[in-house]
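Undergrad: The structure that follows is given in the form of structure tokens.
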Amino acid sequence: MMFHEQEIRVLLVEDEKKLAHLTQRQLQRAGYSVEVAYDGMEAKEKILSSELSLIILDLNLPKKSGFEVLQEVRSQALTIPVIIVSGRSKVEDRIKSLGLGADDYLMKPFDSSELLARVSSLLRRSGRVGMSILQAGDLTMDVAHHTVKRGSESIALSPKEFKLLEFFLNNKNQVLTRKRIAEYVWGPAFDSQTNVVDVYVSYLRRLVDKGFKKKLIHTLHGEGFILSE
């Protein structure tokens, strides 16, 4: 579960209604307040009339393209973080988006956990989240201050262990395959067929669960791993 000191308001600009509704629900479950705009003109109106924390922006939009919306946002000297989410795979589109002032670029189709991780990371970098706490039972992670506790006991984690636990907590009660874990923690080029994921989950389990009656991290043979209360 994620708590924020202030309401985080996200504008999702997506003309595919099924994808928009699905993404909106996923963001709301993560604790964000989410408005949806289905075309570029509606997006512009909402951006100018709302106090937003972040914009998730598709490029192929009716009435006004994502490029035009982005350009107008930055021409108004608005510093709202913008994540481009697009099916366009050309390097030129990514370069143009970043050149116009986008802060991140995510290709469709995307995994919801990756979008949530990028949203959380961008909000922290932009200073729009004063505190970000992830929690499962008596396990708490303060993402902003890079600390982890189980009850009153502090747990020291390496950077990779911290990132792995953050991924588990952001996807609490969901089965995570080795491939998904490897791609998030080590990057998409990582060979998920090695036993490195199992080794690091084992490290994490010893640090987080050893000595505690209630175990949080579980192995589902043939499927992957799950962090469950």
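Undergrad: Suppose every K and R has +1 on its Cβ and every D and E has -1 on its Cβ; what is the size of the dipole of region 99-215 about the Cα centre, in Debye to the nearest 20?
TA: For region 99-215, the charge dipole is close to 360 debye.
Undergrad: Per the Cauchy relation, a quarter of the hull surface: what is the mean projected area of the convex hull of the alpha carbons in the chain, in nm²?
TA: With every direction weighted equally, the projected area is 13.0 nm².
Undergrad: Still on this structure, I have one more. Among bridges DSSP assigns within the chain, what percent are antiparallel (round to 5)?
TA: 55 percent
Undergrad: Still on this model: With every protein chain left in place, what is the accessible area of residue 206 in Å² (1.4 Å probe, nearest 10)?
TA: Estimated to the nearest 10 Å², residue 206 gives 130 Å².
Undergrad: A further question on this structure: How much FRET efficiency would the formula 1/(1 + (r/R0)^6) give for residue 195 and residue 98, where r is the Cβ-Cβ distance and R0 is 41 Å, rounded to 0.05?
TA: Result of the calculation: an efficiency of 0.65.
Undergrad: For residue 79 and residue 174 in the same chain, what is the full-extension length gain: residue separation times 0.36 nm, less their Cα-Cα distance, in nm? Could you put the intermediate results ahead of the total?
TA: Numbers: separation 95, 0.36 × 95 = 34.20 nm, distance 3.42 nm.
Here the answer is 30.8 nm.
Undergrad: Going toward the positive end of the dipole of the chain, with +1 on Lys and Arg Cβ and -1 on Asp and Glu Cβ, which of 171, 71, 121 do you reach last?
TA: Towards the positive end, the residue furthest out is 171.
Undergrad: Now a separate question. Pairs 18/46; 46/163; 18/96; 179/214; 108/149: which exceed 25 Å Cα-Cα?
TA: 46/163; 18/96; 179/214; 108/149
Undergrad: Continuing with the same structure: Return the whole-Å distance between the Cα centroid of region 68-143 and the Cα centroid of region 152-228.
TA: One Cα centre to the other: 24 Å.
Undergrad: Can you tell me the dipole magnitude for the chain around its Cα centre, using point charges on the Cβ only (Lys, Arg +1; Asp, Glu -1), in Debye to the nearest 20?
TA: 560 debye
Undergrad: Using a Förster distance of 22 angstrom, determine the FRET efficiency expected from the C-beta separation of residue 29 and residue 138, and round it to 0.05. Intermediate results must be reported in sequence, preceding the final value.
TA: On the way: r = 22 Å, r/R0 = 0.99.
FRET efficiency, residue 29 to residue 138: 0.50.
Undergrad: Which log10 I(q)/I(0) values, to two decimals, does region 23-156 give at q = 0.10, 0.13, 0.22 Å⁻¹ under the Debye formula with one point per Cα?
TA: Here the Debye-derived log intensity ratios amount to -0.38, -0.61, -1.43.
Undergrad: Just want to confirm a number: the relative contact order over the chain, from Cα pairs under 8 angstrom separated by 6+ residues, in percent.
TA: 15 percent
Undergrad: What number, in nm² with one decimal, is the all-direction average of the projected area of the convex hull of the alpha-carbon atoms of region 163-227?
TA: Averaging across all directions leaves 4.2 nm² for the Cα convex hull.
Undergrad: Among 98, 21, 221, which residue has its Cα furthest toward the positive end of the charge dipole of the chain, with +1 on Lys/Arg Cβ and -1 on Asp/Glu Cβ?
TA: Toward the positive end, the furthest listed residue is 221.
Undergrad: Ok, one more. Under 13 Å between alpha carbons, and skipping anything fewer than 8 positions from residue 172 in its own chain: which aspartates and glutamates qualify?
TA: The qualifying aspartates and glutamates are 229.
Undergrad: Given points 7 Å out from each Cα along the Cα-Cβ axis, report the residue 146 to residue 202 separation in nanometres with one decimal.
TA: Computed distance between label sites residue 146 and residue 202 equals 2.7 nm.
Undergrad: Only sites in a loop by DSSP and with at most 15 other Cβ atoms within 10 Å count here; which chymotrypsin sites (Phe, Trp or Tyr not before Pro) in region 131-213 make the cut? Before the final figure, lay out the partial values.
TA: Numbers: sites: 162, 167, 168, 184, 186, 190, 200, 203, 212; in loops: 190, 212.
Qualifying residues, ordered by number: 212.
Undergrad: May I pose another question? Which Cα, out of 49, 211, 86, lies furthest along the positive dipole direction of the chain (beta carbon charges, K/R +1, D/E -1)?
TA: Sorting the options by dipole projection puts first 211.
Undergrad: Same structure again: Running Debye on region 85-155 with equal point scatterers at the Cα sites and no solvent, what base-10 log of I(q)/I(0) appears at q = 0.15, 0.17, 0.21 Å⁻¹?
TA: Computed log10 I(q)/I(0) values: -0.65, -0.76, -0.94.
Undergrad: Averaged per residue, what accessible surface does the chain expose to a 1.4 Å probe, in Å²?
TA: Each residue of the chain exposes 50 Å² on average to a 1.4 Å probe.
Undergrad: What is the percent carbon and sulfur in the accessible area of region 1-157, measuring with a 1.4 Å probe over the protein chains and ignoring ligands?
TA: On region 1-157, the fraction of accessible area on carbon and sulfur atoms equals 49 percent.
The values are calculated or read from the model by the stated rules, or taken from the named source; none is laboratory data. Keep in mind that what you see is a predicted model, and the values were worked out from it rather than measured. Cβ: placed from backbone, ideal geometry, glycine included. Neighbour counts: every protein chain shown. Surface accessibility is based on the protein's heavy atoms, side chains included, excluding ligands, DNA and RNA. Shrake-Rupley method; radii C 1.70, N 1.55, O 1.52, S 1.80 Å.
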